[in-house]
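One structure is given below, encoded as structure tokens.
The values are calculated or read from the model by the stated rules, or taken from the named source; none is laboratory data. It should be emphasised that the depicted structure is a prediction, and the values quoted were computed from it without experimental measurement. No Cβ is skipped: glycine too gets one built from the backbone with ideal geometry, and neighbour counts run over all protein chains shown.
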Amino acid sequence: MLDALLNIVWLVLEGIWMAIAYVIAGVICLILIVTIPFGIAAFRIASYVLWPFGRTAERRPDAGVGSVIGNVLWIILFGWWLALGHLIAGVALCLTIIGIPLGLASFKIIPITLLPLGTRIVPTRRYA
């Protein structure tokens, strides 16, 4: 229940805006053809950014060297400015007491933003 409430507040304050940024990055990646895997990753993160509470990211054990090289390219092309958006939004949200959990969630998304390839989104209840 708390996850749903936090997700609704998150959606209004940050989720929709950051999801739009990820969708824009994904569309650009799809247009460039060579970066289609980045576009798929951007859309996956966009869905996570819309509704982050109750889910977490974990590294895929089968991710290889290709994901490392892809992540370096992603950081250079898109990752840094998306991570900066989460950092700025997280700091702004942490300025209020009510926004602190949302700001912390924004900070939690930064590693996924920087290294999306070789990562999967899973429900947190799986770990409970």
Filtering region 24-56 down to residues that are over 17 Å from Ser106 (Cα atoms) and of a type in the set (A, V, I, L, M) yields Ile24, Ala25, Val27, Ile28, Leu30, Ile31, Leu32, Ile33, Val34, Ile36, Ile40, Ala41
Report task. State yes or no: is Ala63 of a type outside the set (Ser, Thr, Tyr), at pLDDT below 95 and in contact with a Leu (Cβ under 8 Å, 6 or more places away or on another chain)? Result -> yes
Report yes if some residue within region 36-55 is under 26 Å from Ile8 (Cα atoms) and surrounded by fewer than 12 Cβ atoms within 10 Å (Cβ to Cβ); otherwise report no.
-> no
So the helices (runs of 4 or more DSSP H) completely within region 40-124 holding 3 or more residues that are over 24 Å from Asn7 (Cβ atoms) are 65-74
Here the qualifying pairs (Cβ atoms under 9 Å; residues six or more apart or on different chains; first in region 107-118 and more than 12 Å from Ser67 (Cα to Cα); second of a type in the set (Ser, Thr, Tyr)) come out as Lys108/Thr56; Ile109/Tyr48; Pro111/Thr119; Ile112/Tyr48; Ile112/Thr119; Thr113/Tyr22
Taking first residues from region 27-45 that are over 16 Å from Ile75 (Cα atoms) and modelled with pLDDT of 95 or more and second residues anywhere that are among the aliphatic types (A, V, I, L, M) and outside any helix (DSSP H, G or I), the pairs with Cβ under 6 Å that are 6 or more apart or on different chains are none
By residue number, the members of region 28-39 that are within 21 Å of Val68 (Cβ to Cβ) and in a loop (DSSP other than H, G, I, E, B) are Leu32, Val34, Thr35
Selection from region 74-128 of residues of a type in the set (Val, Ile, Thr) and either modelled with pLDDT of 95 or more or closer than 28 Å to Leu32 by Cβ (or both) yields Ile75, Ile76, Ile88, Val91, Ile109, Ile110, Ile112, Thr113, Thr119, Ile121
